[in-house]
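A.B. asks: Following this message is one structure expressed as structure tokens.
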């Protein structure tokens, strides 16, 4: 087991031995540290001309000994002491300063971001004897918005501060404040972040959609931060100072995670999670998580798992908790590269099996298409942006009971029903998964088997939510996906849904502008123009074929 962390190069054997002797020193429970230990830390630090520190656990034992340089120490990986919401780390940091400075901004940032029990700095005189101990602890959200409180300095003989009782009182207060926000302790609480070079309006619209996605995934949103910059930081996406501000804001709002609107590459996830204790995911992971919650059919589950694994595979090199929301079934965190390599191999093998299973699904679908073609039943596919009202339209047209909810991706598995028109024309009408802006590539690839249903469609019903202020952007997103699938030439009827939520002049104007029919998918009487147009187009197609 490693006893000393940090840079020990240039140290003599006896100096390293003195540092190792600090390891697992016992401290009486009521003491921040003992005067003897304070003296040892100061004398060793003066001797080697470097800052040194210790991390003390709740059992009052030294769990880590850290060697820094003359300016700072770097706290090592303490993931095994991961703090739960409303709880502190279970470690207090005590270290030396050589330049007679009290707690620095870096000290206070580490205290807040890592949720340490306490942060203490020992100052010494020229002889290396301790003089003052400066101390700070985390604070719940307060009037001056600082997530910490600095206490009056202590003398070396006054270190009996009833330490564990103080830490317990802090945790009780954090839990009390947190409970004011958390009605459901199992619910995630997220801070949303966007770093964008787009216009402010476009960025705000994208953030509004991210909020809807989070709510659809059962996540409570506690706040959002939008930063516009000409180019994103290649390492952190956002600047290091801004990242610290974000983490402190997340702490104050009792968030459990940070969600980025932009897709993070593996190195960015690692860099960000190295600097904060919060769970960090991006927009793609959020969508994958929603899909994983909603998949019901075997096919849907296969597609979602395949997309997740393809997304996670390049990120399995990370020995951190960034993937904790999604990695459940493919091996957890493990020590060393061997475990990680096993995880990667398992993931590749599982991907191969899933792709084989989905190939079988495609064959089955082609057989179903052949049967439909033999019966000469026209196929109508309902498409549109997620939450536009596609399932409601299917239910009203066919008098069925497909699940229809006002949330993003309420429908994941496609549903097909028969529909008979007034002039005795029978068709198959299919509801599909909703489209979304910048649909993740892995999801597009995984759901190609489902989207291929559209290739056999004789007619597409493009459902548009005209009550949504972003409906024009949503139309562009849907049409772009149709073009990517080479379906832009398929005959399409625009169904302008939710006319009951806008005024009559607006719906009439949009009918002319978008060349569509305004309807309320809940009210069958408003659907008659659409039904008549569908029947007219299909009869015309059948006549031309004859």
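Every read-out reported here was derived from the displayed coordinates using simple, explicitly stated rules and does not represent laboratory data. Please read these numbers as outputs of a predicted model, since none were measured by experiment. Quick reminder, even Gly has a Cβ in these numbers, built from the backbone with ideal geometry, and neighbours come from all protein chains shown.
A.B. asks: Pull out a ≥ b ≥ c, the square roots of the eigenvalues of the alpha-carbon gyration tensor of the stretch 250-318, then state rounded if a/c is under 1.5, prolate if not and a/b is larger than b/c, and oblate in the remaining case.
C.D. replies: It is oblate, given that a/c is not under 1.5 and a/b is not larger than b/c.
A.B. asks: Sticking with this structure for a sec: Quick check on packing: order 90-99, 158-167, 381-390, 105-114 by the mean number of other C-beta atoms within 10 Å, highest mean leading.
C.D. replies: The packing order, highest mean first, is 381-390, 90-99, 105-114, 158-167.
A.B. asks: Contact order normalised by length for the stretch 189-294, with contacts defined as Cα pairs under 8 Å and 6 or more residues apart; what percent is it?
C.D. replies: For the stretch 189-294, the relative contact order is 34 percent.
A.B. asks: Please state the equivalent ellipsoid semi-axes for the stretch 189-294: what are the square roots of 5 times the Cα gyration tensor eigenvalues, largest first, in whole Å?
C.D. replies: Taking √(5λ) for each eigenvalue gives 19, 16, 14 Å, largest first.
A.B. asks: Stretched out fully, how many nm does the piece from residue 523 to residue 425 gain, at 0.36 nm a residue minus the Cα gap?
C.D. replies: Separation in residues times 0.36 nm, less the Cα-Cα distance, equals 33.1 nm.
A.B. asks: Now a separate question. Order of 132, 399 from fewest to most other C-beta atoms within 10 Å?
C.D. replies: 399, 132
A.B. asks: Sorted by average packing, counted as other Cβ atoms within 10 angstrom per residue and highest first, what order do 271-278, 343-350 take?
C.D. replies: Per-residue mean Cβ counts within 10 Å order the peptides as 271-278, 343-350.
A.B. asks: PRE reach from residue 348 (point 7 Å along Cα→Cβ): which of the stretch 286-313 fall under 19 Å by backbone N?
C.D. replies: Counting backbone N atoms under 19 Å from the label point, the list is 306-313.
A.B. asks: Based on other C-beta atoms within 10 Å, arrange 511, 426 from fewest to most.
C.D. replies: Lowest to highest Cβ neighbour count: 426, 511.
A.B. asks: For the pair residue 2 and residue 212, how long in nm is the line joining their label points, each one 7 Å along Cα→Cβ?
C.D. replies: 4.7
A.B. asks: Continuing with this model, one more query. Measure off 7 Å from each Cα along the Cα-to-Cβ vector at residue 531 and residue 72, then give the distance between these two points in nanometres to one decimal.
C.D. replies: 7.0
A.B. asks: Going by how many other beta carbons lie within 10 Å of each one, how would you line up 484, 233, fewest first?
C.D. replies: Lowest to highest Cβ neighbour count: 484, 233.
A.B. asks: Let me ask another. Before anything else, pin down the relative contact order of the stretch 4-181: Cα pairs under 8 Å, at least 6 apart, normalised by residue count, whole percent.
C.D. replies: With pairs under 8 Å counted, the relative contact order is 22 percent.
A.B. asks: Sticking with this one: Please give the length that would be gained between residue 80 and residue 488 if that part of the chain were fully extended, namely 0.36 nm times their separation in residues minus their C-alpha to C-alpha distance (nm, one decimal).
C.D. replies: My answer for the length gained is 141.6 nm.
A.B. asks: Any idea how far apart residue 16 and residue 444 come out in nm if each label point goes 7 Å out from Cα toward Cβ?
C.D. replies: Spacing of the two 7 Å Cα→Cβ label points: 5.4 nm.
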